[in-house]
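> Structure incoming, see below.
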Amino acid sequence: MRELRAAVVGAGRLGALHAAKYAALPGVRLTCVVDIDPARAERVARLNGADMLTDYRDLLGRVDLVSVATPTVTHIEITAALLAGRIDVLVEKPMTATVEQARELAALAQGSSRILQVGHLERFNPAVMRSRPFIKGPKFIECHRLAPFTERGTDVDVIFDLMVHDLDVILSITGAEVAAVEAVGVAVLTERIDIANARLRFDNGMIANLVTSRVSQRRERKIRFFQADAYISLDYEARTVQIYRRNPPPPGQLYPTISAERIDLGEGDPLADEIADFVSCARSRSMPQVGVTDGLRVVELCELISSAIKTV
């Protein structure tokens, strides 16, 4: 098995995590860590036995695959250059800051025959993966994603920053198209929307209601699916799934009963699984679980919600 040469562009909190996962993965050598801050690049590179660089363009010809973990507004420039240099790319979510940029990257990936995977990490969350067999034609979906304020991600609004996670999960379980959007949002600590609520109606009748905040006093990451035969509740953070099923009425009784099941999935390592999937796809030249079409579809919906808020 040929050793693949990997690099990470962006040595912040998330980039440092990517670097550690590559360094621990068999069959992969973390070659370089890139950041415009030399001290930050040097620190992460030294911890993982890699070289440091301050210019991502210096990666061309030196590596086979790269994680891009930089601010969203830089994704288009960096990812486009790497794809043009025939390097496979895992770009952190959201794929880009605009639909136009996402379409440009999609075209570049297809034209270059390179792998472009989008880092929608919740797809690899054990609770999401375990619950998929139980989710069948939900009629209503409710999401709450609340987080305390940090400066990370503030180059985009909270829809692109945090709501994007739940939008990707929802789109991954339905082939239906969005028929209508109602949304409202408020800027609290930044110049962009920090709290948002979106109500989406799909053309199959399904409704999704999402509440997202990056200025909350508490942390919550939950999604709930309501369908004809069951209610399924996922806690992304606790990695638990609760399933409430409707059962036929017992003999002599009029109404059905409800049974409850709780599945505890432990910690898991979604980022390690995501990167392992990326490496596997780069090696086999197969489609990733979260490909460019998925990334584009989510960016289109994020922009639709943001536009709906601006017109309120």
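> Taking the condition of being under 27 Å from ARG239 (Cα atoms) and touching a residue at least 60 places away in the same chain (Cβ under 8 Å), how many residues in segment 109-129 meet it? Before the answer, list the steps.
In the first step, residues of segment 109-129 are kept if they are under 27 Å from ARG239 (Cα atoms); the result is 117-129.
When the remaining residues are screened for being touching a residue at least 60 places away in the same chain (Cβ under 8 Å), the result is 117-128.
Matching residues across segment 109-129 total 12.
> Would you pick out the residues in segment 138-179 that are part of a strand (DSSP E or B) and either within 26 Å of ASP229 (Cα to Cα) or touching a helix residue (DSSP H, G or I) at 6+ places or on another chain (Cβ under 7 Å) (or both)?
Residues of segment 138-179 part of a strand (DSSP E or B): 140-146, 178-179.
Listed by number, the residues that qualify are PHE140, ILE141, GLU142, CYS143, HIS144, ARG145, VAL178, ALA179.
> Give me the pairs: first residue in segment 166-185 and touching a residue at least 60 places away in the same chain (Cβ under 8 Å) and at negative phi, second residue basic (Lys, Arg) and outside any helix (DSSP H, G or I), beta-carbon distance under 6 Å, and six or more apart or on different chains, which are they?
From segment 166-185, the pairs are GLU182/ARG199.
> Moving on to the next point. Taking segment 90-115, which residues are buried (at least 24 other Cβ atoms within 10 Å of the Cβ), of a type in the set (A, V, I, L, M) and not in a helix (DSSP H, G or I)?
Within segment 90-115, LEU90, VAL91, MET95, ILE115 meet the criteria.
> Moving on. Just wondering, is there one or more residues in segment 221-237 that are at pLDDT 95 or above, assigned to a loop (DSSP other than H, G, I, E, B), touching a Leu at 6+ places or on another chain (Cβ under 7 Å) and at negative phi?
No: zero hits.
Residue by residue, here is whether (1) in a helix (DSSP H, G or I); (2) surrounded by fewer than 13 Cβ atoms within 10 Å (Cβ to Cβ) holds:
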position: CYS32; (1), (2): no, no
position: ALA39; (1), (2): yes, yes
position: ARG62; (1), (2): no, no
position: VAL66; (1), (2): no, no
position: THR70; (1), (2): no, no
position: ALA81; (1), (2): yes, no
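> A further question on this structure: Just name the residue that is surrounded by the most Cβ atoms within 10 Å (Cβ to Cβ) out of those in segment 186-197 that are out of contact with any Asp or Glu (no Cβ under 7 Å at 6 or more places or on another chain) and touching a residue at least 12 places away in the same chain (Cβ under 8 Å). Steps first, please.
Taking segment 186-197 as the starting set, the residues that turn out to be out of contact with any Asp or Glu (no Cβ under 7 Å at 6 or more places or on another chain) are 189-191, 194-197.
With touching a residue at least 12 places away in the same chain (Cβ under 8 Å) added as a condition, the list becomes 189-190, 194-197.
On the way: LEU189: 12, THR190: 18, ASP194: 22, ILE195: 18, ALA196: 25, ASN197: 17.
Among residues in segment 186-197 that are out of contact with any Asp or Glu (no Cβ under 7 Å at 6 or more places or on another chain) and touching a residue at least 12 places away in the same chain (Cβ under 8 Å), the one surrounded by the most Cβ atoms within 10 Å (Cβ to Cβ) is ALA196.
The values are calculated or read from the model by the stated rules, or taken from the named source; none is laboratory data. None of the values given here were measured: they were computed from a predicted structure. Heads up, the Cβs are rebuilt from the backbone with ideal geometry, glycines too, and the neighbour counts pull from every protein chain shown.
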